[in-house]
Amino acid sequence: VNMEWSKFWAENKKEIDKRAKRFMAIDKEEHVPLTITNATEGIEFLSTDYLPKDPSHGKRLVRIGKRVLLEAVDTEGMEVGENIVLTRWGVVQITKVEGGLEGTFTPDGDVKAAKRKLSWLADVPENIPVILSEFDNLISKEKLEEDDKFEDFINPDTQAETEVIGDPGLKTLKEQDIIQLERRGFYRVDRPYVNESKPLMLFMIPDGKKKAMSGLDGKLAHR
(Lines give C-alpha, C1' and ligand atoms only; values in the text may rest on other atoms or scores of the structure.)
Protein backbone atom coordinates (compact mmCIF):
# COMPACT_ATOMS: atom_id res chain seq x y z
CA VAL A 1 0.00 0.00 0.00
CA ASN A 2 1.34 3.42 -0.99
CA MET A 3 0.29 6.43 1.07
CA GLU A 4 1.32 10.07 0.78
CA TRP A 5 3.02 11.34 3.93
CA SER A 6 0.54 14.22 4.23
CA LYS A 7 -2.32 11.72 4.54
CA PHE A 8 -0.43 9.71 7.14
CA TRP A 9 0.23 12.84 9.23
CA ALA A 10 -3.40 13.94 8.88
CA GLU A 11 -4.57 10.60 10.29
CA ASN A 12 -1.99 10.81 13.06
CA LYS A 13 -3.25 14.29 13.98
CA LYS A 14 -6.77 12.93 14.52
CA GLU A 15 -5.43 10.62 17.22
CA ILE A 16 -3.05 12.96 19.05
CA ASP A 17 -5.64 15.74 18.99
CA LYS A 18 -7.74 13.67 21.40
CA ARG A 19 -5.08 13.72 24.14
CA ALA A 20 -2.61 16.54 23.44
CA LYS A 21 -2.90 19.07 26.26
CA ARG A 22 -3.13 22.71 25.20
CA PHE A 23 -0.59 25.37 26.11
CA MET A 24 0.51 28.73 24.68
CA ALA A 25 3.83 30.27 23.66
CA ILE A 26 4.82 33.60 22.10
CA ASP A 27 7.74 34.35 19.78
CA LYS A 28 10.74 35.54 21.78
CA GLU A 29 11.65 38.34 19.35
CA GLU A 30 8.51 39.13 17.36
CA HIS A 31 6.03 40.02 20.10
CA VAL A 32 4.15 43.12 21.24
CA PRO A 33 3.15 44.01 24.83
CA LEU A 34 -0.46 44.91 25.61
CA THR A 35 -1.34 46.75 28.81
CA ILE A 36 -4.78 45.92 30.18
CA THR A 37 -5.50 49.08 32.13
CA ASN A 38 -8.29 47.72 34.33
CA ALA A 39 -6.46 44.51 35.31
CA THR A 40 -4.91 44.27 38.76
CA GLU A 41 -1.20 44.33 39.55
CA GLY A 42 -1.53 41.34 41.87
CA ILE A 43 -0.99 37.64 41.21
CA GLU A 44 -4.13 36.15 39.64
CA PHE A 45 -4.98 32.97 37.77
CA LEU A 46 -7.84 31.60 35.73
CA SER A 47 -8.78 27.93 35.53
CA THR A 48 -9.14 26.32 32.10
CA ASP A 49 -9.50 22.81 30.68
CA TYR A 50 -6.39 21.13 29.28
CA LEU A 51 -8.62 19.94 26.42
CA PRO A 52 -11.64 22.22 25.91
CA LYS A 53 -13.53 19.48 24.03
CA ASP A 54 -12.83 16.85 26.70
CA PRO A 55 -12.88 18.15 30.30
CA SER A 56 -12.04 14.65 31.60
CA HIS A 57 -8.34 15.44 31.03
CA GLY A 58 -8.42 17.92 33.89
CA LYS A 59 -7.77 21.60 34.38
CA ARG A 60 -4.77 23.88 34.73
CA LEU A 61 -4.15 27.37 36.08
CA VAL A 62 -3.22 30.16 33.68
CA ARG A 63 -1.56 33.30 34.98
CA ILE A 64 -3.25 36.58 34.03
CA GLY A 65 -1.94 40.09 34.56
CA LYS A 66 -1.90 43.76 33.67
CA ARG A 67 0.73 43.29 30.95
CA VAL A 68 0.45 40.51 28.39
CA LEU A 69 2.47 39.54 25.32
CA LEU A 70 0.92 39.07 21.86
CA GLU A 71 2.38 37.76 18.61
CA ALA A 72 3.50 40.79 16.58
CA VAL A 73 1.83 39.45 13.43
CA ASP A 74 -1.51 39.30 15.29
CA THR A 75 -1.44 43.03 16.12
CA GLU A 76 -1.05 44.30 12.57
CA GLY A 77 -3.84 46.70 11.66
CA MET A 78 -5.38 46.86 15.14
CA GLU A 79 -7.59 49.90 15.69
CA VAL A 80 -8.88 51.83 18.69
CA GLY A 81 -12.33 50.52 19.61
CA GLU A 82 -11.67 47.05 18.23
CA ASN A 83 -12.56 44.05 20.37
CA ILE A 84 -10.11 41.15 20.49
CA VAL A 85 -10.31 37.82 22.30
CA LEU A 86 -7.49 36.57 24.50
CA THR A 87 -8.02 32.81 24.22
CA ARG A 88 -9.31 31.23 27.46
CA TRP A 89 -9.57 34.65 29.15
CA GLY A 90 -12.04 36.87 27.34
CA VAL A 91 -12.66 40.08 25.41
CA VAL A 92 -10.41 43.13 25.52
CA GLN A 93 -11.35 46.41 23.85
CA ILE A 94 -8.38 48.26 22.35
CA THR A 95 -8.19 51.83 23.68
CA LYS A 96 -4.76 52.89 22.44
CA VAL A 97 -2.54 51.85 19.53
CA GLU A 98 0.03 54.57 18.95
CA GLY A 99 2.86 54.58 21.48
CA GLY A 100 2.04 51.15 22.85
CA LEU A 101 -1.04 48.91 22.85
CA GLU A 102 -3.56 49.42 25.65
CA GLY A 103 -6.99 47.98 26.25
CA THR A 104 -9.68 47.29 28.83
CA PHE A 105 -10.92 43.84 29.82
CA THR A 106 -14.65 43.46 29.11
CA PRO A 107 -16.08 40.64 31.29
CA ASP A 108 -19.38 40.50 29.36
CA GLY A 109 -17.84 41.02 25.92
CA ASP A 110 -19.15 39.13 22.88
CA VAL A 111 -16.51 36.50 22.08
CA LYS A 112 -18.20 35.38 18.87
CA ALA A 113 -18.37 38.91 17.45
CA ALA A 114 -14.62 39.56 17.79
CA LYS A 115 -12.62 38.79 14.63
CA ARG A 116 -9.24 38.28 16.33
CA LYS A 117 -8.92 35.35 18.71
CA LEU A 118 -5.34 35.43 19.90
CA SER A 119 -2.78 33.44 21.83
CA TRP A 120 -1.08 35.40 24.60
CA LEU A 121 0.99 35.14 27.77
CA ALA A 122 1.05 37.20 30.93
CA ASP A 123 4.43 38.94 31.02
CA VAL A 124 5.68 37.37 34.24
CA PRO A 125 9.04 36.00 35.50
CA GLU A 126 7.65 32.46 35.70
CA ASN A 127 7.54 32.13 31.89
CA ILE A 128 10.16 29.77 30.49
CA PRO A 129 12.41 29.65 27.40
CA VAL A 130 11.41 27.08 24.78
CA ILE A 131 13.07 25.99 21.54
CA LEU A 132 10.81 24.76 18.76
CA SER A 133 12.40 22.50 16.14
CA GLU A 134 10.86 21.90 12.73
CA PHE A 135 11.87 19.33 10.16
CA ASP A 136 11.29 19.23 6.42
CA ASN A 137 11.56 16.53 3.76
CA LEU A 138 15.04 15.34 2.77
CA ILE A 139 14.02 15.41 -0.90
CA SER A 140 12.58 18.62 -2.35
CA LYS A 141 10.54 16.90 -5.08
CA GLU A 142 7.44 14.96 -4.14
CA LYS A 143 8.16 12.11 -6.58
CA LEU A 144 11.44 11.44 -8.36
CA GLU A 145 11.17 10.39 -12.00
CA GLU A 146 13.29 7.63 -13.49
CA ASP A 147 15.74 10.04 -15.14
CA ASP A 148 15.99 12.41 -12.14
CA LYS A 149 19.31 12.70 -10.36
CA PHE A 150 18.87 12.15 -6.65
CA GLU A 151 21.57 14.72 -5.82
CA ASP A 152 19.72 17.49 -7.67
CA PHE A 153 16.78 17.31 -5.29
CA ILE A 154 18.43 17.15 -1.88
CA ASN A 155 16.78 19.74 0.35
CA PRO A 156 19.47 22.02 1.87
CA ASP A 157 17.12 23.27 4.63
CA THR A 158 15.65 20.36 6.55
CA GLN A 159 15.79 21.70 10.10
CA ALA A 160 15.08 25.05 11.73
CA GLU A 161 14.66 26.37 15.27
CA THR A 162 12.52 29.12 16.76
CA GLU A 163 12.91 30.53 20.26
CA VAL A 164 9.66 31.27 22.05
CA ILE A 165 8.50 32.33 25.52
CA GLY A 166 6.51 29.52 27.08
CA ASP A 167 3.64 29.16 29.50
CA PRO A 168 4.95 28.28 33.01
CA GLY A 169 2.78 25.14 32.87
CA LEU A 170 5.19 23.70 30.32
CA LYS A 171 7.62 23.04 33.18
CA THR A 172 5.53 19.99 34.11
CA LEU A 173 6.12 18.17 30.81
CA LYS A 174 8.12 14.96 30.57
CA GLU A 175 10.18 13.51 27.73
CA GLN A 176 8.00 12.13 24.90
CA ASP A 177 4.87 14.00 26.04
CA ILE A 178 2.80 15.26 23.12
CA ILE A 179 1.13 18.67 23.39
CA GLN A 180 -0.42 21.38 21.27
CA LEU A 181 0.79 24.96 21.32
CA GLU A 182 -2.41 26.73 20.42
CA ARG A 183 -2.42 28.25 16.93
CA ARG A 184 1.07 26.82 16.27
CA GLY A 185 0.73 23.06 16.09
CA PHE A 186 1.53 19.77 17.80
CA TYR A 187 4.86 19.00 19.43
CA ARG A 188 6.72 16.15 21.12
CA VAL A 189 8.94 16.85 24.11
CA ASP A 190 12.53 16.05 23.18
CA ARG A 191 14.01 17.51 26.37
CA PRO A 192 12.03 18.66 29.42
CA TYR A 193 12.73 22.07 30.91
CA VAL A 194 15.74 22.03 33.25
CA ASN A 195 16.70 25.68 33.73
CA GLU A 196 17.29 28.90 31.77
CA SER A 197 20.42 27.51 30.13
CA LYS A 198 18.74 24.17 29.35
CA PRO A 199 15.32 25.19 28.02
CA LEU A 200 12.43 22.98 27.03
CA MET A 201 12.98 21.52 23.56
CA LEU A 202 9.95 20.63 21.43
CA PHE A 203 9.92 18.83 18.07
CA MET A 204 7.09 19.76 15.74
CA ILE A 205 4.80 16.92 14.62
CA PRO A 206 3.55 17.43 11.03
CA ASP A 207 -0.22 17.51 10.68
CA GLY A 208 -0.57 17.05 6.92
CA LYS A 209 -1.32 20.70 6.21
CA LYS A 210 0.82 22.93 4.03
CA LYS A 211 -0.30 26.04 5.91
CA ALA A 212 0.26 26.50 9.63
CA MET A 213 -2.51 26.94 12.16
CA SER A 214 -4.10 30.42 12.21
CA GLY A 215 -1.38 32.14 10.23
CA LEU A 216 1.49 31.49 12.66
CA ASP A 217 3.83 29.99 10.08
CA GLY A 218 7.03 28.25 11.04
CA LYS A 219 10.35 28.67 9.26
CA LEU A 220 9.94 25.59 7.06
CA ALA A 221 7.16 24.06 5.01
CA HIS A 222 4.34 23.03 7.35
CA ARG A 223 3.82 19.39 6.41
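Take every Cα-Cα distance within the chain, group them into 5 Å bins from 0 onward, and report for each bin the whole-number percent of pairs it holds.
1, 6, 13, 16, 18, 16, 12, 8, 5, 3, 2, 1, 0, 0
With a probe of 1.4 Å, find how much accessible area the chain has per residue, and write the answer as a whole number in Å².
Per residue, the chain has 58 Å² of solvent-accessible surface.
Please list 51-61, 163-173 highest first by mean number of surrounding beta-carbon atoms within 10 Å per residue.
163-173, 51-61
Working from Cα positions, state the angle (0 to 90°, nearest 10) between the long axis of helix 5-16 and the longest principal axis of the chain.
The angle comes out near 40 degrees.
Pop out the carbon and sulfur fraction of the accessible area of the chain as a percent, whole number, probe 1.4 Å.
Within the chain, the accessible surface is 50 percent carbon and sulfur.
Quick check: pseudo-label points 7 Å beyond the Cα along Cα→Cβ at Ala113 and Glu11, how many nm apart are they?
If labels sit at Ala113 and Glu11, their model points lie 4.6 nm apart.
Percent antiparallel among DSSP beta bridges with both residues in region 1-107, to the nearest 5?
Details: 20 of 23 bridges.
Taking every DSSP beta bridge with both residues in region 1-107, the antiparallel ones total about 85 percent.
As a test of reading the structure, rank Glu126, Glu151 by solvent-accessible area (1.4 Å probe, protein chains only), most first.
Accessible-area ranking of Glu126, Glu151, largest first: Glu151, Glu126.
Rank these residues by their accessible area, most exposed first, probe 1.4 Å: Asp74, Asp157.
Highest to lowest solvent-accessible surface, that is Asp157, Asp74.
Hey, which of these cross-link pairs are over 23 Å Cα-Cα: Lys13/Lys198; Lys171/Lys198; Lys18/Lys115; Lys7/Lys198; Lys21/Lys171; Lys13/Lys174?
Long pairs (Cα-Cα over 23 Å): Lys13/Lys198; Lys18/Lys115; Lys7/Lys198.
The values are calculated or read from the model by the stated rules, or taken from the named source; none is laboratory data. Please read all numbers here as calculations on a predicted model, not as lab measurements. Every residue, glycine among them, receives a Cβ derived from its backbone with ideal geometry; neighbour counts consider all protein chains shown. To get the accessible areas, we keep the full protein, side chains included, count just its heavy atoms, and leave off ligands, DNA and RNA. Shrake-Rupley method; radii C 1.70, N 1.55, O 1.52, S 1.80 Å.
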